1. Based on DSSP H runs of at least 4 residues, each adding -39500 (n - 2.57), what is the mean residue ellipticity at 222 nm of the chain after dividing by all its residues, to the nearest 500 deg cm²/dmol?
2. Which lysines, on any chain, are close to LYS156 with Cα under 27 Å apart, when same-chain ones fewer than 8 places away are left out?
3. Normalising by the residue count of the stretch 87-192, find the relative contact order in percent from Cα pairs under 8 Å and 6+ residues apart.
4. Where does helix 242-251 land angle-wise versus the long Cα axis of the chain, in degrees 0 to 90, nearest 10?
5. Do you know the relative contact order of the stretch 1-137, to the nearest whole percent, from alpha carbon pairs under 8 angstrom that are 6+ apart?
6. Ignoring the sites themselves, what is the longest stretch of the chain with no chymotrypsin sites (Phe, Trp or Tyr not before Pro) in a DSSP loop and at most 15 other beta-carbon atoms within 10 Å?
7. Only sites in a loop by DSSP and with at most 11 other Cβ atoms within 10 Å count here; which GluC sites (Glu not before Pro) in the stretch 7-111 make the cut?
8. Starting at the first residue of the stretch 277-292, write each ³J(HN,Hα) from the Karplus equation 6.51 cos²θ - 1.76 cosθ + 1.60 with θ = phi - 60°, in whole Hz, x for Gly and Pro.
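Computed from the coordinates by the stated procedures, all read-outs in this text should not be read as laboratory data. All values derive from a computational prediction rather than experimental measurement. Because the Cβ atoms are built from the backbone with ideal geometry, glycine has one as well, and the counts that use them run over all protein chains shown.
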Amino acid sequence: MKICENQTTEYHSANFTEHETAWTPAPTTFDNGDEIREGHYIYKYAGVSGTNTTDAPFDGSTDWLIQRATNYYAMLDSRPESKTKTQTTNPDAIIIEMDLNNYDTIALLNLDAISVRIEITDLNTNTAVYDETFDLNDSDKIVDALSYYFSPFSFKKTVYETIPLYGNARAKIWINKPLSEAKCGRLVLGQSYDLGISLFNINSTLESYSTTTFDQFGTPTLRPRDAVYNSTYTILLPSERTENIKRTRKRLDAVPILFIGDENDSSKYENLLSYGLWQTATMRLKNPVKTEMSLSTKELI
């Protein structure tokens, strides 16, 4: 089991820009519910309709409520008060370049694409040191002629890769979906931290926040809401690392991170990836050599 906190907050370049209406300091008339962009975020006006305001959203004005990241920034968003189930979209392909600084992990989550290409260039020598293309066609269910013609046609939603360490490098990423909208929910790029060995008996539950109420005649009213995956892992680690992991757990409290349950390149479980919050980490010192940790997470995507 490895974890990775996203350590990059800006693109070196991108083939898309922020197109939402930007806030300006001049007095402007807003209606309740109007949305504007400030920085990389969208804010909704909560004041009285038809009023003028010179209060900027970033000044902490109660007239503005943060809603979500802009389309440009959605897949990099880590601000806790904004919505996380957003996607960056672009016709045909999302093409970005990111600067690297001793990063060893890259992950793309909640994808809607048919392929992804990742190329890494060492800027000291201007040499391509890594170039991989990932076909997202999910063909695991195709085992014979019958399943070829009748199995559900789907694409994988995640890409995870261990990349070579370079202190001065740049990654170029293509997320491709020709003649349609390419989408990516989250980009995670950073240096991983090894927790220990993931054991089997991993539990994953779906927690629904939808509600159903009944009136006096027994007529139901369903209010559909989101559902969230919760997972629990059992991890085996060397006993001498318990204090270091305890400090890491505390430092990353309430910080969205990537959990990598299966590190195998040929993982049949899409690497058991989850992006979310570290809920609990109960450690049991079994003996001077081994410690067992029960880790629970709540996913954000």
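1. Result for the chain, helices only: -1500 deg cm²/dmol.
2. Within reach: LYS2, LYS83, LYS85, LYS141, LYS172, LYS177, LYS183, LYS268, LYS298.
3. Contact order relative to length: 54 percent.
4. Roughly 10 degrees between the two axes.
5. For the stretch 1-137, the relative contact order is 20 percent.
6. The longest such stretch corresponds to 1-152.
7. GLU10, GLU81
8. 10, 7, 7, 9, 8, 8, 9, 10, 6, 6, 6, x, 9, 10, 10, 10
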